[in-house]
Amino acid sequence: MFVLFCPHCQEKREEEEFGYGGEAFRVRPSTPDTVDDETWGDYLFMRSNPKGWNWELWSHATGCRKFFVVKRNTATNAIAGSWTLAEGRKVYDAEGGAQ
Amino acid sequence: MKKDYSLWSLFTKGLKHNEGWDPAWRSADPKPSYNVVIVGAGGHGLATAYYLAKEHGVRDIAVIEKGYLGGGNTARNTTIVRSNYLWDEATMLYEHALKLWEGLTEDLNFNVMFSQRGVFNLGHTLQDMRDIERRVNANVLNGIDAQMLDTAEVKRMIPILNTSKNARYPVLGASYQPRAGVARHDAVAWGFARAASKYGVDIVENCEVIGMDLAGGRIQGLQTSRGFIRAERVGCVASGHSSVLAKMAGIRLPIDSHPLQAFVSESMKPVLDTIVMSNAVHGYASQSDKGELVIGAGIDHYTSYTQRGSPHIIEHTAAAIIELFPIFSRVRMNRQWGGIVDTTPDACPIISKTKVKGLYFNCGWGTGGFKATPGSGNVFAHTIAKDDPHPLNKAFSLDRFSTGHLIDEHGAAAVAH
Ligand SMILES: Cc1cc2nc3c(=O)[nH]c(=O)nc-3n(C[C@H](O)[C@H](O)[C@H](O)COP(=O)(O)OP(=O)(O)OC[C@H]3O[C@@H](n4cnc5c(N)ncnc54)[C@H](O)[C@@H]3O)c2cc1C
Ligand SMILES: [Zn+2]
């Protein structure tokens, strides 16, 4: 059990209010009709699933219902912060992406 | 060579106050090189080593484990064994395992306490009942011992179940597989370890794989916390940590690691002589030979490697179990724990060669791999020994995630375990 901060509501709430949205900043191939099956399969199904820091999407399911990004350590559940998608992207890029 | 366990050995050792039993298996130091190294001494890894030695004549094998033998999901699960899956490929794989379970105690000369007490998968809505009927029909076509039961029949066999029309989760019926059962999870790890050890397999504990050496598209060996181990072939059977190992070889897997929790009660007199599962309410229960209620919950939805889940998941399951069995409302719970399970998009395992020659993965069993332990080891041993999948695991190769031939057992398979 952990507490997440929703950057839209500016509120700290219990995990039960939120829905997990998986790995953040995954890039959809820009030409789905022409990429090979491996590339498309990789986008659809493959996951980094890191043990350690993870950039992930959460939605405030029983609150404002908006998505935001969280940097959480999957080995300890420590949370480094939450941001709106645009703000989170800046921090993510500044760090050089997922490690 | 270890002596077999027998009534006679029990009697003679008993006369000596049960002193002088030999250790069941040999805990080895790693040698510099092996023909086959299996990573992960859970039930699946140990079974793989056993069948490699027994059926394929491979002798130079090590099973290396970062912690202690059987300390992963093998000893954290609720031990439900069944084969009433929906799709042909999955049914055949789990049925192969169930057949091996039926002779396992004799084969291993180790009592794995496999108890075929049957499993009920309850239906609470009309849609549940349609899905159950479809699955039972599919099972019967595949020669699986599946039956449809109505409410009265379920009540007759499980008198303590709340089948009242006013119940929060009314029981409209169930599927029933009489040959399903439970087994002693530790004994499965110990039994396979002992039987593999007899064939000279080295079981190396406290030895963590931290890197893989590849050259020319081939595996060369493993960097471990106890030094480099050269290996011609490597089979990874690391459940929730499979993605971590795959990354060392530059391979991506369609796996998410989630906590899955279970809890047991204090010991009580026998009240429940079968297994009851309900997909709709995320709960299932059986009673162990020690008399504890063994209750399993659903997964936490976020990914995590913490081996503990959130309390609200347990709360939800406990509430559902009490609705189904009002008689349990004042039973005290003794222990609760979590394990990290490796879920896949189609809720089916991956037993596969990889793009790295000599490197094989057996993972993705998620919330339900204990039941497959002997079958999984058996077909994975074949895959490694022949460098070619066994007919039963061909459909479970990694390439199904680019060909699109997924085996969708999600929801179809009664419940996740
Ligand atoms: C709470 C719970 C309930 C469950 N209930 C059921 C059930 O009722 N029925 C059912 O069929 N299944 C059930 N399961 C699933 C089942 O437990 C697993 O699918 C199965 O036990 C997996 O076996 P394994 O041998 O592959 O994994 P494990 O026993 O987890 O073995 C993997 C081993 O690999 C080791 N390892 C990992 N990384 C490394 C490394 N880098 N170097 C060396 N070693 C490493 C680990 O330490 C571990 O010992 C349940 C699971 C849980 C958590
Ligand atoms: Zn919000």
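The values are calculated or read from the model by the stated rules, or taken from the named source; none is laboratory data. Because the structure is a prediction, the values reported are computed rather than measured. All Cβ positions, even for glycine, are placed from backbone atoms using ideal geometry, and neighbour counts span all protein chains on display. Surface accessibility is based on the protein's heavy atoms, side chains included, excluding ligands, DNA and RNA. Shrake-Rupley method; radii C 1.70, N 1.55, O 1.52, S 1.80 Å.
In the set (1) within 16 Å of ligand 2 (Cβ to nearest atom); (2) within 16 Å of the chain's Cα centre (by Cα), the condition left unmet by residue A:62 is number (2).
For region B:238-246, indicate whether the set of residues that are over 29 Å from residue A:51 (Cα atoms), modelled with pLDDT of 95 or more and either part of a strand (DSSP E or B) or within 14 Å of chain A (Cβ to nearest Cβ) (or both) is non-empty. Explain how you work it out, then say what you get.
Taking region B:238-246 first, the residues over 29 Å from residue A:51 (Cα atoms) are none.
Within region B:238-246, none of the residues are over 29 Å from residue A:51 (Cα atoms), modelled with pLDDT of 95 or more and either part of a strand (DSSP E or B) or within 14 Å of chain A (Cβ to nearest Cβ) (or both).
Say we look at region A:1-24 and pick out the residues that are open to solvent by less than 40 Å² (accessible area, probe 1.4 Å), closer than 30 Å to residue B:404 by Cβ and not aliphatic (A, V, I, L, M); which of these is farthest from ligand 2 (Cβ to nearest atom)? The extreme case among them is A:22. With respect to (1) within 25 Å of residue B:340 (Cβ to Cβ); (2) modelled with pLDDT of 95 or more; (3) within 9 Å of another protein chain (Cβ to nearest Cβ), the lone exception for residue A:1 is condition (2). Can we say residue B:417 is modelled with pLDDT under 95 and open to solvent by 10 Å² or more (accessible area, probe 1.4 Å)? Yes, satisfied.
Considering region B:247-267, and only residues there that are open to solvent by 50 Å² or more (accessible area, probe 1.4 Å) and more than 17 Å from residue B:354 (Cα to Cα), the residue that is farthest from the other protein chains (Cβ to nearest Cβ) turns out to be B:267.
Counting residues that are more than 16 Å from ligand 2 (Cβ to nearest atom) and within 30 Å of residue B:266 (Cβ to Cβ), which strands (runs of 3 or more DSSP E) fully inside region B:329-417 reach at least 3?
Numbers: elements: B:333-343, B:350-353, B:359-363.
Because the criterion is at least 3 residues that are more than 16 Å from ligand 2 (Cβ to nearest atom) and within 30 Å of residue B:266 (Cβ to Cβ), the strands (runs of 3 or more DSSP E) in region B:329-417 that meet it are B:333-343.
Kindly provide the set of residues from region A:58-74 that are open to solvent by 40 Å² or more (accessible area, probe 1.4 Å) and within 13 Å of another protein chain (Cβ to nearest Cβ), ordered by number. A:61, A:62, listed by residue number.
Which one is nearest to residue B:46 (Cα to Cα) among residues in region B:227-237 that are in contact with a strand residue (DSSP E or B) (Cβ under 7 Å, 6 or more places away or on another chain) and either open to solvent by 20 Å² or more (accessible area, probe 1.4 Å) or not in a strand (DSSP E or B) (or both)? Steps first, answer last, please.
Within region B:227-237, the first condition is being in contact with a strand residue (DSSP E or B) (Cβ under 7 Å, 6 or more places away or on another chain), and the residues that meet it are B:228-237.
Still in the running and either open to solvent by 20 Å² or more (accessible area, probe 1.4 Å) or not in a strand (DSSP E or B) (or both): B:228, B:230, B:232-233, B:237.
Numbers: B:228: 21, B:230: 19, B:232: 18, B:233: 16, B:237: 9 Å.
Top of the filtered list is B:237.
If you take the residues in region A:25-55 that are of a type in the set (Ser, Thr, Tyr) and over 17 Å from residue B:345 (Cα atoms), which one is nearest to ligand 2 (Cβ to nearest atom)? Looking at the filtered set, the residue picked out is A:30. The set of residues in region B:139-197 being touching a helix residue (DSSP H, G or I) at 6+ places or on another chain (Cβ under 8 Å), assigned to a loop (DSSP other than H, G, I, E, B) and within 30 Å of residue B:64 (Cα to Cα) consists of B:183 alone.
Just give me the residues in region B:284-305 being within 10 Å of chain A (Cβ to nearest Cβ) and open to solvent by less than 20 Å² (accessible area, probe 1.4 Å), in sequence order. Across region B:284-305, the qualifying residues are B:300, B:302, B:303, B:304, B:305. Of all residues in region B:53-90, those that are more than 15 Å from ligand 1 (Cβ to nearest atom) and either free of Cβ contacts under 8 Å to residues at least 40 places away in the same chain or out of contact with any Asp or Glu (no Cβ under 8 Å at 6 or more places or on another chain) (or both) total 10. Contact annotation: residue pairs with Cβ atoms under 9 Å, 6 or more positions apart or on different chains, pairing a residue in region A:77-88 that is open to solvent by 40 Å² or more (accessible area, probe 1.4 Å) with a partner that is of a type in the set (Ser, Thr, Tyr), are A:83/A:92.
Taking (1) within 22 Å of the chain's Cα centre (by Cα); (2) hydrophobic (A, V, I, L, M, F, W, C); (3) more than 10 Å from chain A (Cβ to nearest Cβ) in turn, residue B:327 satisfies each apart from (1).
For residue B:143, the requirement of being crowded, with 16+ Cβ neighbours inside 10 Å and farther than 23 Å from residue B:365 by Cβ is not met. Quick check, is residue B:210 surrounded by 14 or more Cβ atoms within 10 Å (Cβ to Cβ) and not in a loop (DSSP other than H, G, I, E, B)? Spelling it out, it is not the case that residue B:210 is surrounded by 14 or more Cβ atoms within 10 Å (Cβ to Cβ) and not in a loop (DSSP other than H, G, I, E, B). Among the residues making up region B:209-224, those that are under 18 Å from residue B:29 (Cβ atoms) and more than 8 Å from ligand 1 (Cβ to nearest atom) are B:221, B:222, B:223.
Please note which helices (runs of 4 or more DSSP H) are completely contained in region B:1-109 and include at least 1 residues that are of a type outside the set (A, V, I, L, M) and open to solvent by less than 10 Å² (accessible area, probe 1.4 Å). Outline the logic, then answer.
On the way: elements: B:7-15, B:43-56, B:88-108.
Once the helices (runs of 4 or more DSSP H) in region B:1-109 are filtered for at least 1 residues that are of a type outside the set (A, V, I, L, M) and open to solvent by less than 10 Å² (accessible area, probe 1.4 Å), what remains is B:43-56, B:88-108.
What about residue B:377, is it within 14 Å of chain A (Cβ to nearest Cβ) and under 30 Å from residue B:190 (Cβ atoms)? So residue B:377 fails the test. The single condition from (1) more than 6 Å from ligand 1 (Cβ to nearest atom); (2) more than 17 Å from residue B:242 (Cα to Cα); (3) in contact with a Lys or Arg (Cβ under 9 Å, 6 or more places away or on another chain) that residue B:27 fails is (3).
Check region B:373-383 and report whether any residue there is at pLDDT 95 or above and at positive phi. Within region B:373-383 (the criterion being at pLDDT 95 or above and at positive phi), the answer is no, since none of the residues qualifies.
Would you mind stating whether residue B:317 is more than 14 Å from every other protein chain (Cβ to nearest Cβ), over 16 Å from residue B:90 (Cβ atoms) and open to solvent by less than 30 Å² (accessible area, probe 1.4 Å)? Talk me through it step by step, then tell me what you get.
Details: more than 14 Å from every other protein chain (Cβ to nearest Cβ): yes; over 16 Å from residue B:90 (Cβ atoms): yes; open to solvent by less than 30 Å² (accessible area, probe 1.4 Å): yes.
Criteria met by residue B:317.
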